[in-house]
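Some notes on the structure that comes next.
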Amino acid sequence: IARFVDWQIEVAVAEGRQADALQKGIELLRLARLSQAEPGLIGGLLANAVHGVAVQALCDALSSGKIPAELHAALQRELALEDNLQSAAWTLKSERALVIAAIQDQFGGVQGLFMNTIGRSMKLHHTAALDFFDAVLPDAVAPWHEVAAKSPPSMMFKKSTGLGVMADMIQPPIEVTYESANRALAVTRSLRVYNALRQFAAEHGREAEGLGDLALPKEMTIDP
């Protein structure tokens, strides 16, 4: 769907229908946000990919010609809804729930005595993965530069978690998902600034001299 809508936007831009292109880009942002509700890492990564297609298409539409003032405003409202890192936390929480379900499915029928004696080491490898989620969830809502600067290093970036093989296996996709969410936030803010610059030029007949000229919250212009 994202690729098809992206093609429609390219056609609209080529035909000089900038307003149509921008409206379809806004709809694509909404599709990305809807996709974000899908549980698990794959759902989160897919939503971020759709979001990236939408942002690039919207940038092309904004660059192609004059845009009605009401669409500039509509785009800013839509991008404001995208400006948070809660989606990363939701993705990790839902993945944790899937891991819990998998553990219950795998070990639910095993006798407790066996699981806590002979099977104890296997059980601990799986439950340690849940400890890993508990360690990274507080960092999921923080911007990348803060987490990357933590000392001792955040579990988000440790290649060896110290929690066993299951936690070590799940660490790389967790890190990628977190970085993907921060990248989505960075391009969202970049597009907000670009849209505001275009809107300012259209309204004032001159280019803005800096971010201070734009009606954007300062915290929404920071690269995470």
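Quick notes
- Pair list, Cβ < 7 Å and 6+ apart or interchain, from the range 195-210 residues that are at negative phi to residues that are open to solvent by 100 Å² or more (accessible area, probe 1.4 Å) and at pLDDT 90 or above: ALA201/GLU207
- So GLY16, is it surrounded by 15 or more Cβ atoms within 10 Å (Cβ to Cβ) and either at pLDDT below 90 or of a type outside the set (S, T, N, Q) (or both): no
- Against the numbered list (1) surrounded by 12 or more Cβ atoms within 10 Å (Cβ to Cβ); (2) of a type in the set (D, E, K, R); (3) at pLDDT 80 or above; (4) farther than 30 Å from LEU28 by Cβ, GLU82 comes up short only at (4).
- Neighbours by Cβ (under 6 Å, 6+ apart or cross-chain): first from the range 28-40, under 16 Å from THR177 (Cα atoms); second surrounded by fewer than 19 Cβ atoms within 10 Å (Cβ to Cβ) and among the aliphatic types (A, V, I, L, M): SER35/LEU46; GLY40/LEU98
- Those helices (runs of 4 or more DSSP H) of the range 117-223 in which 2 or more residues are over 25 Å from GLY44 (Cα atoms) and within 22 Å of the chain's Cα centre (by Cα) occupy 165-204.
The values are calculated or read from the model by the stated rules, or taken from the named source; none is laboratory data. Remember, it's a predicted structure, so these values are computed and weren't measured experimentally. As a convention, Cβ positions derive from the backbone with ideal geometry for all residues, glycine included, and neighbour counts pool all protein chains shown. Protein only, heavy atoms only, side chains kept; ligands, DNA and RNA dropped before computing areas. Shrake-Rupley method; radii C 1.70, N 1.55, O 1.52, S 1.80 Å.
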